[in-house]
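Heads up, the thing below is written out as structure tokens.
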Amino acid sequence: MNDTTLAAWTPRLLSVLRIITALLFLQHGLVKLLGWPMPGPAHLPPLMMAAAVIEVAGSVLVGLGLFTRLAAFIMSGEMAVAYFMGHAPSSFFPIANRGEGAILFCFIFLYVAAAGAGPWSVDAARK
């Protein structure tokens with residue numbers, strides 16, 4: 001493949017990255033709120049409940065590509081908070097504190113917030 005062919009696919013792959021990331025992230029919220037697709041916590045403290053709502057609502061919005069920049073920015077912030085509150089206190093190193101996922105989600109959502117939804121999105125259809 002040459003650079004021109006790859007460049008033509010860049011916007012489409014942004015949409016694919018956005019959709020797949022949203023579907024993966026949605027599972028985190030569904031486990032917390034509905035105990036699906038695996039059992040979740042029996043009781044959620046208020047901060048975890050807020051995180052679950054952000055994860056479900058934000059994932060649906062980002063997955064559809066609707067209000068993508070705002071939703072992705074909020075989700076990026078949630079993951080930064082999750083990392084520093086839930087992972088970083090146990091170790092400086094992400095491999096040791098199991099925070100790689102939180103960091104990756106944080107930066108993918110930050111990228112999507114900056115880059116937008118891509119061509120396969122409600123946002124693009126609305127323009």
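Numbers at a glance
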{"item": "Within the range 1-40, tally of residues that are farther than 23 Å from ALA117 by Cα, free of Cβ contacts under 8 Å to residues at least 12 places away in the same chain and surrounded by 13 or more Cβ atoms within 10 Å (Cβ to Cβ)", "result": "2"}
{"item": "Leading residue by the ranking (nearest to MET85 (Cα to Cα)) among those in the range 15-53 that are small (Gly, Ala, Ser) and out of contact with any Phe, Trp or Tyr (no Cβ under 7 Å at 6 or more places or on another chain)", "result": "ALA51"}
{"item": "Count - residues of the range 51-72 that are assigned to a helix (DSSP H, G or I) and buried (at least 16 other Cβ atoms within 10 Å of the Cβ)", "result": "14"}
{"item": "Residue count, the range 86-103 (criterion: of a type in the set (A, V, I, L, M, F, W, C), under 17 Å from the mean Cα position of the chain (by Cα) and either part of a loop (DSSP other than H, G, I, E, B) or within 16 Å of VAL16 (Cα to Cα) (or both))", "result": "0"}
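Readers should treat all values here as calculations from the given coordinates under stated rules, not as data from a laboratory. These figures come from a predicted structure and were not determined experimentally. Note that we place each Cβ from the backbone using ideal geometry, even for glycine, and neighbour counts take in every protein chain shown.
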